[in-house]
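What follows is a single structure, written as structure tokens, with notes after it.
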Amino acid sequence: MPFTPHSFHNHLFAFDEGSLGMHENLMPCVIVGKQRPVIVSNDTQHIEAEIVCITPGLAHRVAVRRGGADIIYLDGVDLAQSVAPFCPLSSDWRALPAAFEQHDHQSVSEFRAMLDASSGPHDQSVMQIVSRLYDDPFTRLSQMDLAQALNLERSQALRHFKATTGQTFRKFKIWAGIVAATRMAMGGTQIGHAGVEAGFSDAAHLTRTASSVFGTTPTKGLSGLNGMKTMIGTAP
């Protein structure tokens, strides 16, 4: 049986008009305003543009105007250090949401490559762990599980995971869980049950996490979403 490389996922959330409170992305994010520019700001920076790339780990707010926006997360993309925290992108990026609609994996991979500063193939031992987190966040893999899977000492395994994925092991687990919970809730699963199924202790835990990652509560966020799509990337 041929070996199939594991890959990062890409996620598109179609969001209606509205505001997202102060939050920090866990993955690189591209926001495409459908009809009007979006506004991204914090206490020291402000940008208004039709298409914006946002660096993970940076606290910010988002205002989406009439017509809505597509919010795309590109897991595992390593943004160059020269990229501004809030970076306007060219109109070429308007084709990214269409690539999701058309299940065009090649085009999505090309867009990723335009931002990705990493080089060479990803360590497949780490990517196997990433795939397990995507597929079943409820498993609650521990740091020792990671170390044993990578055959490294615990602190070395944690550093290697972050170097490969761009995110800490803990935060990647949170990300995989919150995306899984959102997908289940949009499919009709009750929000609290979706949170527990995705590895959160209870509905309150899910609400706190959603507010810190997306800038909105699950109830308000779901009311503003009119679509969610996830595409598995093409491995290099």
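The values are calculated or read from the model by the stated rules, or taken from the named source; none is laboratory data. Since the model is a prediction, treat every value here as computed from it, not as a measurement. Cβ sites come from the backbone with ideal geometry, for glycine too, and all protein chains shown count toward neighbours. Just the protein is used for accessible areas: all its heavy atoms, side chains included, with ligands, DNA and RNA removed. Shrake-Rupley method; radii C 1.70, N 1.55, O 1.52, S 1.80 Å.
In a helix (DSSP H, G or I), among the hydroxyl-bearing types (Ser, Thr, Tyr) and under 18 Å from residue 175 (Cβ atoms): which single residue out of 131, 107, 125, 155 fits that description? Walk me through how you get there before you give the answer.
On the way: 107 fails: under 18 Å from residue 175 (Cβ atoms); 125 fails: under 18 Å from residue 175 (Cβ atoms); 155 fails: under 18 Å from residue 175 (Cβ atoms).
Only one candidate passes the filter, namely 131.
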Any chance residue 160 is open to solvent by 20 Å² or more (accessible area, probe 1.4 Å), more than 30 Å from residue 68 (Cβ to Cβ) and either among the hydrophobic types (A, V, I, L, M, F, W, C) or under 19 Å from the mean Cα position of the chain (by Cα) (or both): no
Restricting attention to the stretch 163-198, the residues that are open to solvent by 70 Å² or more (accessible area, probe 1.4 Å), closer than 18 Å to residue 13 by Cα and either within 13 Å of the chain's Cα centre (by Cα) or of a type in the set (Lys, Arg) (or both) number exactly 1
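What residue, among those in the stretch 17-35 that are assigned to a loop (DSSP other than H, G, I, E, B), over 12 Å from the mean Cα position of the chain (by Cα) and surrounded by 15 or more Cβ atoms within 10 Å (Cβ to Cβ), is modelled with the highest pLDDT? First the steps, then the outcome.
Filtering the stretch 17-35 for residues assigned to a loop (DSSP other than H, G, I, E, B) gives 17, 25-28, 34-35.
Next, only the ones that are over 12 Å from the mean Cα position of the chain (by Cα) stay: 17, 34-35.
In the following step, the residues that additionally are surrounded by 15 or more Cβ atoms within 10 Å (Cβ to Cβ) were identified as 17, 34.
Values: 17: 91, 34: 96.
The extreme case among them is 34.
Within the stretch 59-82, which residues are open to solvent by less than 40 Å² (accessible area, probe 1.4 Å) and either among the polar types (S, T, N, Q) or part of a loop (DSSP other than H, G, I, E, B) (or both)?
Those that are open to solvent by less than 40 Å² (accessible area, probe 1.4 Å) and either among the polar types (S, T, N, Q) or part of a loop (DSSP other than H, G, I, E, B) (or both): 67, 68, 75, 76, 77, 80.
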request  = Might you let me know whether the stretch 225-236 holds any residue that is open to solvent by less than 70 Å² (accessible area, probe 1.4 Å), out of contact with any His (no Cβ under 9 Å at 6 or more places or on another chain) and in a helix (DSSP H, G or I)?
outcome  = no
State whether one or more residues within the stretch 37-46 are assigned to a loop (DSSP other than H, G, I, E, B), without any contact (Cβ under 8 Å) to a residue 12 or more places away in the chain and open to solvent by 10 Å² or more (accessible area, probe 1.4 Å).
yes
Residue pairs qualifying under the 8 Å Cβ cut-off, at least six apart or on distinct chains, with the first in the stretch 48-72 being within 13 Å of residue 23 (Cβ to Cβ) and of a type in the set (A, V, I, L, M) and the second being in a loop (DSSP other than H, G, I, E, B) and open to solvent by 10 Å² or more (accessible area, probe 1.4 Å), are 54/85; 58/42; 58/85; 59/42; 62/215
Reported set for the stretch 48-58 where residues are surrounded by fewer than 18 Cβ atoms within 10 Å (Cβ to Cβ) and over 18 Å from the mean Cα position of the chain (by Cα) is 48, 49
